[in-house]
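J.: Provided herewith is a single structure, encoded as structure tokens, for subsequent inquiry.
Laboratory data are not the source of any read-out in this text; all were calculated from the coordinates shown. All figures in this text were calculated on a predicted structure; none of them were measured in a lab. Here the Cβ is made from the backbone with ideal geometry for all residues, glycine too, and neighbour counts use every protein chain on show.
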Amino acid sequence: MSQALLFGEVLEAADQLSPDEQKELAAILNRRLAQAARQRVVAEIQEARQEFVEGRCVAASPDEIMREIMK
């Protein structure tokens, strides 16, 4: 796709779909959002592990973390 669609144009296009197609579109979008969220979590975990390996953070128990948050 060489030109990005405006949000309103996407909504108008979705209105042209049958109810079953709209449901399938919604399901596809939900799956894509879930996959993107999983990928963000994986990236955050990898970053945290790297920070730990490099000594930029230290291990802490849940109680220690909560005490620090409550300060």
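J.: Determine, yes or no, whether Phe7 is surrounded by 10 or more Cβ atoms within 10 Å (Cβ to Cβ), out of contact with any helix residue (DSSP H, G or I) (no Cβ under 6 Å at 6 or more places or on another chain) and among the aromatic types (Phe, Trp, Tyr).
T.: Working: surrounded by 10 or more Cβ atoms within 10 Å (Cβ to Cβ): no; out of contact with any helix residue (DSSP H, G or I) (no Cβ under 6 Å at 6 or more places or on another chain): yes; among the aromatic types (Phe, Trp, Tyr): yes.
Against the criterion (surrounded by 10 or more Cβ atoms within 10 Å (Cβ to Cβ), out of contact with any helix residue (DSSP H, G or I) (no Cβ under 6 Å at 6 or more places or on another chain) and among the aromatic types (Phe, Trp, Tyr)), Phe7 does not qualify.
J.: Determine which single condition Leu17 fails, assuming it passes every other condition in (1) over 25 Å from the mean Cα position of the chain (by Cα); (2) assigned to a helix (DSSP H, G or I); (3) surrounded by 10 or more Cβ atoms within 10 Å (Cβ to Cβ).
T.: The one condition Leu17 does not meet is (2).
J.: Could I ask something else about it? In the stretch 20-58, which residue that is small (Gly, Ala, Ser) and not in a loop (DSSP other than H, G, I, E, B) is nearest to Glu68 (Cα to Cα)?
T.: Quick first cut of the stretch 20-58, residues small (Gly, Ala, Ser) only: 26-27, 34, 36-37, 43, 48, 55.
Next cut, not in a loop (DSSP other than H, G, I, E, B) only: 26-27, 34, 36-37, 43, 48.
Numbers: Ala26: 41, Ala27: 41, Ala34: 31, Ala36: 31, Ala37: 27, Ala43: 25, Ala48: 18 Å.
For the stretch 20-58, the residue satisfying everything is Ala48.
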